[in-house]
1. Near the amide H of GLN128, under 5 Å away, which other amide H atoms are found, from residues 5 or more places off or on another chain, if H is placed in the peptide plane?
2. I need to check one value: relative contact order of the chain, counting alpha carbon pairs closer than 8 Å and at least 6 residues apart, in percent.
3. For the chain, which span is the longest to avoid every loop-located (per DSSP) member of trypsin sites (Lys or Arg not before Pro) having at most 11 other Cβ atoms inside 10 Å?
4. Among SER77, SER17, SER38, which one shows the biggest mean-square fluctuation in a GNM of the chain, springs joining Cα atoms closer than 10 Å?
5. When the helices in the chain are scored as -39500 (n - 2.57) per DSSP H run of 4 or longer and the sum is shared across all residues, what 222 nm value do you end up with, to the nearest 500 deg cm²/dmol?
6. Among ALA56, ALA101, ALA72, determine the one that fluctuates most according to a GNM of the chain built with springs between C-alpha atoms less than 10 Å apart.
7. What ³J(HN,Hα) values, in whole Hz, does the Karplus curve 6.51 cos²θ - 1.76 cosθ + 1.60 give for segment 159-169 when θ = phi - 60°, with x put for Gly and Pro?
8. What ³J(HN,Hα) values, in whole Hz, does the Karplus curve 6.51 cos²θ - 1.76 cosθ + 1.60 give for segment 51-60 when θ = phi - 60°, with x put for Gly and Pro?
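What follows is calculated from the coordinates using simple rules that are stated; it is not laboratory data. A quick note: this is a predicted structure, and the numbers were derived from the prediction, not measured. Every residue, glycine as well, gets a Cβ built from its backbone with ideal geometry; the counts of neighbours run over all protein chains shown.
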Amino acid sequence: TSYDPKSDLMVIPLHQSCVMMRAEPMEKKLGVGGNAGSQLLFEMPGTDGNLGKLAAYNTRTMKPVWSFQQKAPFLTSVLTTGGGVGFVGDYDRRVRAFETATGKTLWRTRLPTGAQGHIISYAIDGKQYIAVESGLGGGSPVGKPATLLPEVRRPNNGHGIFVFALPEN
């Protein structure tokens, strides 16, 4: 979630799914980890297969201002900038820049592996940059969305940090 003080909006990446978790017996051994359960992921009713939703809410009323849905769930935090631009990344390897006040997509690209983690912004000599983590693991629901999104093809390896320079204006 990110707050944009210029538009007084809170922008939230939502994962529209339900998970059924079941504990299973596990032998306890010193120094051995494991998975003592199973998970089944289901599409949230009424979403028409759209696991990802990005929504903006007025912070005073908590009423929705804009939203859009997509098949792939979002796996990054949202970053909003002082210039009224937000950034978010998803399971389908896409990073999107959007206008915070309206949700309109301004730019997008596709990375070699899933965009996930925290998007950051920094400046060097007055030039602003956006950095995005890409890879597997780190809480990524790899394998789970694949059951609902068989058309999304993600590589099984690869990690990186991608840095984009913002235009001068």
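1. Here LEU166 satisfy the definition.
2. Working: 377 pairs, mean separation 29.2, N = 169.
Relative contact order of the chain: 17 percent.
3. Details: sites that count: LYS28, LYS29, ARG60, LYS104, ARG153.
Longest site-free region, per DSSP loop and neighbour criteria: 105-152.
4. Fluctuation is largest for SER38.
5. Details: 1 runs with 5 residues, N = 169.
Dividing the helical sum by the residues of the chain leaves -500 deg cm²/dmol.
6. Answer for the Gaussian network model of the chain: ALA101.
7. Whole-Hz 3J(HN,Hα) from phi for segment 159-169: 9, x, 10, 10, 10, 10, 8, 7, x, 4, 9.
8. My calculation for segment 51-60 gives 7, x, 9, 10, 9, 10, 10, 5, 6, 7 Hz in order.
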